Amino acid sequence: MNNLNNTVQLIGRLGADPEVRTLKGDRRYARLRLATSDTYFNKAGEKVQETQWHNLVAWGGLADVCANHLSKGQEIAVEGKLGYRIYTDKDNNKQFITEVTIHDLLMISGRKAG
């Protein structure tokens, strides 16, 4: 167990087009929102579907791939590292963000129909 890594693997659909920004020094990043769904039957035998939303971020060349090839509704698979950020909002409240920094990306399907 000495080789356990902070690795996250997710498959889901994009909830919006990637948001791409450039920092000083021309360093680019893309922010994405990924929806994953789980379906099960409750005690009453009713089918229940739960959706979880995940914040993703891609840097550099991978950000460019996201900007040029991904769009809302597309199904993707990602592998990355789970991270946390804390910032203070305009009302001086601490905000906590959990996000996955993407290392690998696989485009599973084209744009979702509809």
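Results, tabulated for the structure shown:
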quantity	calculated
About the Cα centre, charge dipole magnitude for the chain (Lys/Arg +1, Asp/Glu -1 at Cβ), debye	220
Positive-end extreme of charge dipole, the stretch 2-51 - chosen from I11, A30, F41 (charges on Cβ)	A30
Relative contact order %, the chain, counting alpha carbon pairs below 8 Å whose residues are six or more apart	28
Degrees, to the nearest 10: 60-69 long Cα axis against longest axis of the chain	50
Lysine pair count for the stretch 8-107 [Cα-Cα under 26 Å; pairs on different chains or 8 or more apart]	5
Mean residue ellipticity (222 nm) of the chain, computed from DSSP H runs ≥ 4 via -39,500 (n - 2.57), nearest 500	-2500 deg cm²/dmol
Counting DSSP beta bridges with both ends in the chain, the antiparallel % (nearest 5)	95
Rough spin-label spacing in nm, given labels placed 7 Å along Cα→Cβ, for S71 and R31	2.3
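Computed from the coordinates by the stated procedures, all read-outs in this text should not be read as laboratory data. Not measured: the values here are computed from a predicted model. Using ideal geometry, Cβ is built from the backbone for each residue, glycine included, and neighbour counts are taken over all protein chains shown.
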